[in-house]
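Take a look at the structure below.
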Amino acid sequence: MEIILKSPSEIEKMRVAGALAAKVLEMIGPYVKPGVTTLELDEIMQDFIENKEHAISACLNYHGYPKCTCISINEEVCHGIPSPARRLHEGDIVNIDVTVIKDGFHGDTSKMFIVGHDTTPQRRSLCRCAQESLYAGIRAVGPGRNLRDIGKAITPIADRCGFSIVRDYCGHGIGRGFHEDPQVLHYYNDLSVILEPGMTFTIEPMINAGTYKCRVNHKNGWTVTTKDKLPSAQWEHTVLITDDGVEVLTLRAEEDFPRILKTV
Ligand code: MF3
Ligand code: CO
Ligand code: CO
């Protein structure tokens with residue numbers, strides 16, 4: 001395992017890429033409404049990323065992935081492929097995951113949207129629990145802390161809600177590469193990685209209402225669903241370990257969470 005520490009000038013580029021990924025999620029919010037298709041949303045984001053922000057999607061053509069973003073509905077855990085056949089309905093819960101490359105560096109972030117006016121108590125609780133899990137994971141990191149403190153922080157939150165934590169997919173180092181070392185596990189584990197200033201990685205817990213077990217759609221080779229077809233929720237941020245804490249590179253204005261946390 002080789003974790004790439006970012007220099008001050010590289011960190012500045014990570015801030016720009018992170019801010020841009022966050023901006024895409026802010027921009028698309030008003031379009032996430034009953035009746036829209038996931039392909040329409042993807043096309044709006046692609047146009048914004050390429051033509052307005054002069055950046056590129058990291059997902060498009062990544063290991064053959066065919067679209068600009070991932071849009072995962074209800075029992076879809078991640079890697080939902082935007083499609084003209086997928087229309088959003090009142091009460092759906094939808095994850096939109098955006099990864100951009102700007103000036104050679106990646107910014108990766110996702111959030112849940114509730115479509116229309118409301119959804120079921122279970123779906124609402126799941127979305128909230130997954131966001132709490134992300135925030136607890138961010139609060140657990142800083143220089144000198146251990147990467148496994150993320151899983152240690154998230155596990156009791158999921159337990160308390162009666163939900164499960166996906167094990168097949170994890171967060172990742174990020175920088176010039178989309179998926180760099182280390183792997184960031186969101187469940188209780190005893191892998192030891194001491195965190196250092198200059199590390200950049202994602203925290204992206206996927207929380208399932210029922211079993212943590214997942215299936216990959218064998219027709220398209222990408223879309224991951226829960227094995228029991230119960231819903232799943234995910235939120236993702238790209239973070240930087242600083243000299244005295246952590247900085248959230250993909251924070252949105254709507255969030256009730258600090259951009260900079262001091263831990264030492
Ligand atoms: N953005 C996802 C992540 O959080 C990865 C998507 S890869 C794709 O790591 F090819 F499916 F787009
Ligand atoms: Co992502
Ligand atoms: Co990611």
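Go through segment 87-111 residue by residue and tally those that are within 16 Å of ligand 1 (Cβ to nearest atom) and either buried (at least 22 other Cβ atoms within 10 Å of the Cβ) or of a type in the set (Ser, Thr, Tyr) (or both).
Of the residues in that region, 14 qualify.
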query = What number of residues within segment 232-264 are within 20 Å of THR69 (Cα to Cα) and either over 14 Å from the mean Cα position of the chain (by Cα) or surrounded by fewer than 20 Cβ atoms within 10 Å (Cβ to Cβ) (or both)?
reply = 1
query = In this structure, is ASP103 within 16 Å of ligand 2 (Cβ to nearest atom) and among the acidic types (Asp, Glu)?
reply = no
query = Being among the β-branched types (Val, Ile, Thr), in a helix (DSSP H, G or I) and touching a residue at least 24 places away in the same chain (Cβ under 8 Å), is that true of even one residue in segment 24-35?
reply = yes
message = So if I check each of LEU230, LEU185, LEU261, LEU191, which one is within 16 Å of ligand 3 (Cβ to nearest atom) and modelled with pLDDT of 95 or more?
response = LEU185
Residue that is farthest from ASP108 (Cα to Cα), among those in segment 211-232 that are in contact with a Ser or Thr (Cβ under 9 Å, 6 or more places away or on another chain) and among the hydrophobic types (A, V, I, L, M, F, W, C) = LEU230
query = If the Cβ limit is 8 Å and pairs must be 6+ apart or interchain, which residue in segment 55-80 that is free of Cβ contacts under 8 Å to residues at least 60 places away in the same chain and more than 22 Å from MET14 (Cβ to Cβ) pairs with which residue that is acidic (Asp, Glu) and within 14 Å of ligand 3 (Cβ to nearest atom)?
reply = ILE71/ASP97
task = Please indicate, with yes or no, whether at least one residue in segment 202-221 is free of Cβ contacts under 8 Å to residues at least 24 places away in the same chain, within 19 Å of the chain's Cα centre (by Cα) and closer than 17 Å to LEU249 by Cβ.
result = no
message = Condition (residue is in contact with a Leu (Cβ under 9 Å, 6 or more places away or on another chain), within 16 Å of ligand 2 (Cβ to nearest atom) and assigned to a strand (DSSP E or B)) applied to segment 209-225: is it met by at least one residue?
response = no
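Does ALA130 fit the bill of being free of Cβ contacts under 8 Å to residues at least 24 places away in the same chain and more than 20 Å from PRO82 (Cβ to Cβ)?
No: the conditions fail for ALA130.
For residues that are under 22 Å from LYS23 (Cβ atoms) and of a type in the set (Lys, Arg), scanning just segment 44-96, find the one that is nearest to ligand 2 (Cβ to nearest atom).
Start the filter on segment 44-96 by keeping residues that are under 22 Å from LYS23 (Cβ atoms), which leaves 44-60, 62, 65, 67-72, 78, 80, 82, 88, 94-96.
When the remaining residues are screened for being of a type in the set (Lys, Arg), the result is 52, 67.
Details: LYS52: 21, LYS67: 13 Å.
So the residue we want is LYS67.
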key: Near pairs, Cβ below 7 angstrom, 6+ apart or cross-chain, from segment 93-115 (within 14 Å of HIS54 (Cα to Cα)) to any residue that is of a type in the set (Gly, Ala, Ser) and away from ligand 2 (no atom under 13 Å from the Cβ)   = VAL100/ALA55; ILE101/ALA55; LYS102/ALA55; PHE105/GLY175; HIS106/GLY175
key: Enumeration of residues in segment 1-38 that are touching an Asp or Glu at 6+ places or on another chain (Cβ under 7 Å), of a type in the set (D, E, K, R) and within 22 Å of ASP103 (Cβ to Cβ)   = LYS13
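The values are calculated or read from the model by the stated rules, or taken from the named source; none is laboratory data. What you see is a predicted model, and the numbers here were worked out from it, not measured in a lab. All Cβ positions, even for glycine, are placed from backbone atoms using ideal geometry, and neighbour counts span all protein chains on display.
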